[in-house]
Amino acid sequence: MNAEADALSAARDAVKDADRKHVFHSWSAQDLIDPLAVAGAEGSYFWDYDGNRYLDFSSALVYTNIGYQHPKVTAAIQEQAARLCTVAPGFAVDVRSEAARLIAERTPGDLDQIFFTNGGAEAVENAVRMARLHTGRPKVMSAYRSYHGATSTAINLTGDARRFGNDTATAGVVHFWGPFAYRSPFYAANEAEECERALRHLEDTIVFEGPQSIAAIVLETVAGAPGVLVHPDGYLPGVRALCDRYGILLVLDEVMVGFGRTGEWFAADHWGVVPDLLCFAKGVNSGYVPLGGVAISPAVAATFATRPYPGGLTYSGHVLACAAAVATINVMAEEGIVEQSARTGAELLGPGLRALAERHPSVGEVRGLGTFWALELVRDPATREPLVPYNAAGADNAPMVAFGAACKKGGLWPLIAGNRIHVAPPCNISAEDVAKGLEILDEALSVADAHMA
Ligand code: PLP
């Protein structure tokens with residue numbers, strides 16, 4: 001037993017040493033990080049080399065919608081690797097065509113053509129390129145509370161603080177405020193007022209920017225990274241109507257919320273809104289092999305019917321990624337995972353998280369849909385002052401670090417963003433694991449309570 005533990009410790013140290021020597025990590029000051037060495041994963045759990053198992057309430061980066069290591073998907077990837085590992089994007093190939101068909105069948109309305117990318121940012125990048133070429137207009141609009149990826153256009157579209165280090169002020173982006181009733185930028189008293197004022201603000205911004213200069217509004221259907229912001233009911237239909245009025249394309253970014261996360265195949269289905277372009281990635285194949293893409297309306301596709309589309313990627317529609325997508329979508333359909341996500345939200349996570357809010361004064365708001373929720377942590381529920389300031393670092397962020405450490409100590413891997421925890425377990429998490437996660441959160445929230453004003 002001890003020899004086994006020693007071997008695991010040595011393996012952990014070797015993995016960590018090599019990581020620190022050679023791996024340059026995203027979004028990080030390289031000398032200030034200490035990544036956990038992961039030894040394996042299955043279903044809703046992953047584990048380290050020291051015998052710690054974590055219930056993954058972050059679904060990696062909100063993408064393991066069917067959990068880790070689903071046997072049907074790993075088998076499909078292995079079979080595809082044995083049969084045909086790769087082929088250039090210009091050829092027609094069975095598994096890519098099938099992935100496109102399965103996606104097109106599920107995307108809203110008449111979005112029937114699929115352009116494949118390797119991930120979400122590239123999807124956004126290409127959607128913007130298509131919109132500009134289709135309309136002949138230069139500008140794109142996006143919300144301040146948004147994240148759209150880390151490539152050049154996508155990070156400039158992004159509203160959140162990750163843009164700051166990348167902002168060239170040359171990307172042709174105009175930002176606006178979307179609705180967020182809990183922290184209303186419009187001093188609204190209720191959701192209906194928030195919705196109406198947000199739409200009026202958006203229209204004013206369009207009119208004063210000059211509608212003839214705006215190619216697209218790019219919007220997360222439910223804003224994920226900025227705080228699981230579920231738009232009030234009339235908002236997305238209202239944005240669609242403004243786009244139609246001013247000849248602007250609506251690009252819905254469903255990279256984080258597509259493929260079951262909110263309890264529908266696509267979050268747009270909650271409101272019956274059909275965009276002109278829809279970006280997806282992550283859940284399309286649970287992230288087992290990198291894949292993203294843009295679903296394209298017939299009108300936009302027609303622009304490139306006889307005129308070449310000036311964009312492409314060496315790995316567009318990589319067959320291993322497409323095999324994983326075909327298997328994932330089939331598993332989701334066979335196992336009713338989208339319906340399960342909706343039920344888990346309505347019957348377990350929603351009520352469970354609201355019950356936690358009753359017990360813990362640091363929880364200012366609970367919001368979400370399906371298996372996608374956020375708890376907004378505050379210093380004072382009356383003033384709604386966030387538990388840590390916007391974009392906090394160092395000592396300012398200590399309360400959230402302590403809260404996160406308490407989650408991990410209890411065996412739950414949290415997704416912490418600013419003053420919030422986002423609750424995003426796999427869409428097929430069991431009822432038993434939801435209960436276990438809520439119990440761990442219950443204990444960890446006492447740490448947040450202790451940091452209140
Ligand atoms: N769009 C949204 C809404 C996202 O949440 C993300 C990533 O989290 C992206 C785009 C970027 O995707 P990727 O990291 O695959 O480039």
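For the pair region 296-324 and region 213-244, the centres of their Cα atoms are 24 angstrom apart.
Each peptide among 386-396, 345-355, 152-162 gets the average number of other Cβ atoms lying within 10 Å of its residues, and from highest to lowest they stand as 152-162, 345-355, 386-396. Quick one: go through region 263-296 and flag any residue whose amide nitrogen is under 15 Å from the point 7 Å out along the Cα-to-Cβ line of LEU313. Once the point is set 7 Å along Cα→Cβ of LEU313, 278-296 turn out to lie under 15 Å by backbone N, inside region 263-296. Once all protein chains are placed together, SER97 keeps about 70 Å² accessible to a 1.4 angstrom probe.
What whole number of Å gives the distance from the Cα centroid of region 1-34 to the Cα centroid of region 270-295? With region 270-295 and region 1-34 each reduced to a Cα centre, they are spaced 33 Å.
If I take every Cα pair under 8 Å that is 6 or more residues apart in the chain, average their sequence separation and divide by the length, what percent do I get for the relative contact order?
Numbers: 892 pairs, mean separation 89.5, N = 453.
Reported as a whole number, the value is 20 percent.
Computed over the alpha carbons of the chain, Rg followed by Dmax gives 22.0, 71 Å. Summing +1 for each Lys or Arg and -1 for each Asp or Glu among the other residues whose beta-carbon sits under 13 angstrom from that of ALA406 gives -2. Local charge for ALA92 was computed over the other residues whose Cβ lies under 14 Å away, with Lys and Arg +1 and Asp and Glu -1, and equals 0.
Taking a Cβ cut-off of under 10 Å around GLY178, the surrounding Lys, Arg, Asp and Glu residues balance to a net charge of -1, with basic ones at +1 and acidic ones at -1. When you restrict to C-alpha pairs under 8 Å that are six or more residues apart and normalise by the size of region 71-334, the relative contact order lands at 30 percent.
What base-10 log of the normalised intensity I(q)/I(0) is obtained for region 1-142 from the Debye formula, alpha carbons as equal point scatterers, at q = 0.18, 0.21 Å⁻¹? Calculated log10 I(q)/I(0) at the listed q: -1.27, -1.35.
Spatial offset of region 49-71 relative to region 121-169 amounts to 30 Å, using the alpha carbon center of each.
Dividing the radius of gyration of the alpha carbons in region 71-334 by their Kirkwood radius gives 0.98 for Rg/Rh. Normalised by 2.2 N^0.38 Å, where N is the number of residues, the C-alpha radius of gyration of region 305-453 stands at 1.33. Residue order by solvent-accessible surface for CYS85, CYS195 is CYS85, CYS195, largest first, with ligands and nucleic acids left out and a 1.4 Å probe. Were the residues from ALA11 through ALA92 laid out at 0.36 nm apart, the gain over their Cα-Cα distance would be 24.8 nm. Within region 231-360, all pairs of alpha-carbon atoms sorted by distance into 10 Å bins from zero give the percentages 11, 31, 33, 19, 5, 1, 0. Can you figure out the FRET efficiency of VAL207 with THR151, using R₀ = 25 Å and their beta-carbon distance, to the nearest 0.05? In this case the efficiency is close to 0.25.
The values are calculated or read from the model by the stated rules, or taken from the named source; none is laboratory data. As the structure is a prediction and not an experimental result, all values here were calculated from the model. As a convention, Cβ positions derive from the backbone with ideal geometry for all residues, glycine included, and neighbour counts pool all protein chains shown. Quick note on the areas: whole protein, heavy atoms, side chains included, nothing else; ligands and nucleic acids left out. Shrake-Rupley method; radii C 1.70, N 1.55, O 1.52, S 1.80 Å.
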